[in-house]
Amino acid sequence: MSTMKFSDLRILPRRPRETKEKVGAVGHDPVPATVNPSHAVEGSPKTVPGRFKHKLKIPQILGFVQSPPSPKPIVESNPPQTEVVLDFVENLKENRLVEACQQLLLREDQLFGQETMTLEGLGQVCNEDDKDTLQKDYETLLLHLWMAVHTTFSSTPSGEHLEILRSAVETITLLEEKDQQWEGRPEGSSEAPVWRPHQCRRTYDTLLERIVESQMRNAAVEEDNIRVSSVDNLSTSMKREVCRMGKRLKENVLWVARDMRDCYPPDFDVCNLYVRLYHQKFSARLTELARSGLDVDDCNYLLCWVNNYYPNDILKHKDLEGHINIESLGTLLSEKDLTTLEEQYLLQKESKVRTWFSKALSKEEDGWLSGKSPELIDRYCFCPLAIDVIQAVDGAMREARTILASDAKAQRILCQLDSFLISYKSSLEEFVKRTGENTQAVVKANLVSIEQFRDFIVRREESIPEEIKTSCMSTLADLRDCGYGYFTGPIHEELRVQYHRLWTQAWFTGGHVVLDEVLGTLDRHMQQFTDLKPICMEELLGRLHMEMMVEYVKRMMKRKMRLKDKEQQEAAAKLLADDSSKLSTYFTEAGSKISWLSEVLPKMAEVVRLQDPGSIQLEIVTLARDFPDLSWKHISALLSLKANLSTADVRGIKESLVENRPTVTSFNTIPPFFSKVPVGKTWYMGRPACICYGRRVYSSQD
C-alpha cells in the first residue's frame, strides 16, 4: 500500500446526492431499493464470490427511499433533502473516522461472527481475500487516524481540526473496546484476526511522546520568527534555548487544557499525560545543561526556571488548576544536581556581596580620612553606609529567595553582614583614636548607621537564624559602645571631680550645690549635639542617665559617710530624694526614655530614713524584689550608712532577705542596674554567713 500524505486528509464539504425520489420526480421509472451489503460496507469494488450474494430489501435505508408504484410521478415543489450514506473510502476522505471505523467493525463481525464470539455465528468460513481486504482497510483507517492526531498536535488547530481529533479519539475508544472483546472471548471461540489487538492507546501514547519530543527539540534550536525581547535579548545561547523550550511547554499545555481537553473522555487524563511528557523532556534537557559546567549567569537563569518560573508560572497557572497532579511530576532536576547548582549560586552571591560591602566601607573610610565632614540631612549628620549595605543585602536575599525558592537557604547571605559589621567595628575603633576636626561629626553620622543596622536586625529577628542574630547584635553593641562612648567618656572625665564630692560632708552640708554643678556641666556638654539625629540623641541621653545614676549610687556606697542618728538619716534621705527628682526631671525633659531609673534613689532613701529594723527588713525585701541584681554587698554598703543599726539588726535583715528573696525574683522585668555598681567588702558580722540565691552561694565575706 502506498504511503498516504496528510494532503489526502483534506476536509471536504458534504456533497448532497440525488435521491431516488428526486429521480422519480423528474420522470424516470422508479427502481425497487435493494442493496448488496458487501458493497455498502466494504468500501471495495470487489465482490466476494459465493458470499453474501443474496439481496436484502432494506426499506428506507438512509439515502435510499422506495417509491410506491404509481402511474404518474408526484412532483413536489420542495423535495426533502435526505442525508447520504457514504461508503468507507468516502468517509475517510471527509475525515469521518468514527463512521469509517464502524463500517469496518461491522464487516469484522460479519466475517468472524464476532457478534456471538462462537463458531456458531454465521457458520461460514471466511474468505482469505475478505480478510486481506479488511486488514488493508484497517491499515488505511489507522494511517488516517494517526495522521489526524499528529496534525492536530503539531500545528495550531482550528475548530475543524478539533472535530477531527474528537472523531479520532472516539475511534481509538471503539478499537480498544473491540480489542477487549477479543481478549475476553470464551474458550472455543473463533480465532482472533491477525490485526488484533490494535493497541491503539499504546500507539497513541507513543505517538504523543514523539510529538512532544519533536516539539521540544525544535523549540530548542529554532530561531523565533518574531523578535521577542524576553527571548531575543537574553545574553547566552543556553538562556535562549531554555526560554524557548519553557515557552513552548507553557503554550502547549495551556492549549491542551483550554481547547483539547473536551475532545477526550476522562479516562484518557490528557492534561496529566501531556504535562508529564513535557515535564520529562524538559527535565532531561535541563539535566544535561546542569551537568555541562555552566557559568555563573547561566547557572542563575537555570535555577530561576527550575525553582520559580516552571512551578509558579506554568504548573500553578489558573487554567491548569484541577486538571494536573503537580506532586506526581517531581522536580525538574535531581536533588544532587539541584544542590550543586544552588551551592554554585550561593558561593558567587556571597563573594559578590562581600565585594559590595568592602567597597562601601572603603569609600566611607576614604571620606573619614580626607578630613571632610559628613553631609547634613535635615540639619543632622548623616552617613549612607547602612542604607547602601542594607539595600545590598536585602536585594541579594530577595534574589536568593526567588532563585532558590527557600528562605532558609537565602539566610546564608546574612553571614556576610556579620563579617562586615566586625570589619566596620575595627575601622571605627581605629578612627576614633585619631584627633581630627571632622572626628566628632563623623562619629555622629556613624551613630545613625549603627542604629539603622540594629533596627534592620531587630525587625527581622524572627527570620534570622539565632546564631547570626546573636553575633550581629553583639558586634552592634560594641559599635554603639564605641560611638556613644566617644562622647560620654570626656563628659564623665570632666565630671569626675564633682562626682567625688557626692555623699561627702561637703555634699551633706552644701545642700543641692554639688548636684546642681554636675547638671550644669552636663548641660553645657549637651549643646554640642544639636546636629545629632533624634534617635541617636535619645540613646545618648539614656546612656548618660544610666551612667550618672550608677556613679551617684557608687559614691553613696563608698562608706565615706556615717549617719549617726535619726536626724542625720532623715536629712540625708531628703537630700537623696531631692537629687533623684532633679536627675529624673533633667533627663526626662531632655528626652531620656528610661523612666524606671527614677525609682532607684527614692527606694534607697526610704531605707536610709526608716529607723525600725522590721520596717527596714520589709523595705530591703521590696528593693530586692524590684531589682533582682541587688546583691548582699550592695545591701551591706547601704546599711553601713546607718551607724545606729546593730549587728543583730543587720543579721535579722539578712535572714529575712534569705527567707523571702527566692519567692520574689521571678516576675521582675526591670533591666539590670545594681550589677553595674561596684562595691567593696560586705559588712562583717562575726562569722561568715552564706546566702543562697538560686544556685549561686554568696558569702557575707564576698
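Compute the projected area of the convex hull of the Cα atoms of region 502-676, averaged over all viewing directions, and report it in nm² to one decimal place. Show your work: numbers first, answer last.
Numbers: hull surface 40.6 nm².
One quarter of the hull surface, i.e. the mean projection, equals 10.2 nm².
In debye, nearest 20, what is the charge dipole magnitude of region 502-676 about its Cα centre with +1 on Lys and Arg Cβ and -1 on Asp and Glu Cβ, if you could check? Provide the component values of the computation, followed by the final result.
On the way: 23 positive and 23 negative charges, 127 e Å.
That gives a dipole near 620 debye.
Cα centroid distance between region 334-410 and region 418-497, in Å?
So the separation of the two Cα centres works out to 19 Å.
Would you mind working out the magnitude of the charge dipole of region 338-481 relative to its Cα centre, with +1 at each Lys and Arg C-beta and -1 at each Asp and Glu C-beta, to the nearest 20 Debye?
Here region 338-481 has a charge dipole of around 220 debye.
Which translational diffusion coefficient, to the nearest whole µm²/s, is obtained for region 205-333 from the Stokes-Einstein equation, given a Kirkwood hydrodynamic radius over C-alpha pairs, 4 °C and 1.567 mPa s?
Values: Rh = 15.3 Å.
Rounded, D is 85 µm²/s.
Putting +1 on Lys and Arg Cβ atoms and -1 on Asp and Glu Cβ atoms, find which of ILE326, LEU341, GLY367 reaches farthest to the positive end of the dipole of region 319-381.
So the residue furthest toward the plus end is GLY367.
For the cross-link pairs LYS372/LYS425; LYS247/LYS316; LYS566/LYS654; LYS281/LYS409; LYS239/LYS352, which exceed 25 Å when the distance is taken from alpha carbon to alpha carbon?
Working: LYS372/LYS425 21 Å; LYS247/LYS316 15 Å; LYS566/LYS654 22 Å; LYS281/LYS409 28 Å; LYS239/LYS352 22 Å.
Distance filter (> 25 Å) returns LYS281/LYS409.
Could you compute the net charge surrounding LYS318? Neighbours are other residues with a C-beta less than 15 Å from the C-beta of LYS318; K and R count +1, D and E count -1. Walk me through the numbers on the way to the answer.
Details: positive: LYS250, ARG258, ARG261, LYS316; negative: ASP313, ASP319, GLU321.
After counting each charged neighbour, the total is +1.
Which GluC sites (Glu not before Pro) does region 271-377 hold that lie in a coil by DSSP with at most 14 other beta carbons within 10 Å? Walk me through the numbers on the way to the answer.
Working: sites: GLU288, GLU321, GLU327, GLU335, GLU342, GLU343, GLU350, GLU364, GLU365, GLU375; in loops: GLU321, GLU375.
Those that pass, being in a loop and sparsely packed, are GLU321, GLU375.
Could you give each residue of region 300-309 its phi-based ³J(HN,Hα) in whole Hz, using Karplus coefficients 6.51, -1.76, 1.60 with θ = phi - 60°, and x for Gly or Pro?
Those phi angles translate into 4, 5, 5, 5, 4, 5, 5, 9, 10, 4 Hz.
Placing +1 on the Cβ of each Lys and Arg and -1 on the Cβ of each Asp and Glu in region 205-333, which of VAL275, VAL256, GLY293 has its Cα farthest towards the positive end of the resulting dipole?
Final value for the positive-end residue is GLY293.
For region 205-333, with only Lys/Arg (+1) and Asp/Glu (-1) charged at the beta-carbon, what is the dipole magnitude about the Cα centre, in debye rounded to 20?
Details: 17 positive and 21 negative charges, 27 e Å.
Dipole size: approximately 120 debye.
Roughly what would the spin-label model give for LYS582 and LEU207, points 7 Å off Cα along C-beta, in nm?
10.2
Please go through region 410-495 and write out the trypsin sites (Lys or Arg not before Pro) that DSSP classes as loop and that have at most 12 other C-beta atoms within 10 Å. Intermediate results must be reported in sequence, preceding the final value.
Numbers: sites: ARG412, LYS425, LYS433, ARG434, LYS444, ARG454, ARG459, ARG460, LYS469, ARG480; in loops: LYS433, ARG434, ARG460.
Those satisfying the criteria are LYS433, ARG434.
Quick one: which residues, 5 or more positions from ILE377 or on another chain, have an amide H under 5 Å from its amide H? H modelled 1.01 Å from N in the peptide plane, none for Pro or chain starts.
Counting only residues 5 or more places away or on other chains, the set is PHE382.
Please list the three semi-axes, largest first and in whole Å, of the ellipsoid equivalent to region 338-481, using sqrt of 5 times the eigenvalues of its alpha carbon gyration tensor. Before the final figure, lay out the partial values.
Working: eigenvalues 182, 46, 34 Å².
Equivalent ellipsoid of region 338-481: 30, 15, 13 Å, largest first.
Bear in mind that the values in this text are calculations on the coordinates, not laboratory data. Computed from a prediction, not measured in an experiment: that's the story for all the values here. Counting neighbours? That spans all protein chains shown, and the Cβs are built from the backbone with ideal geometry, glycine included.
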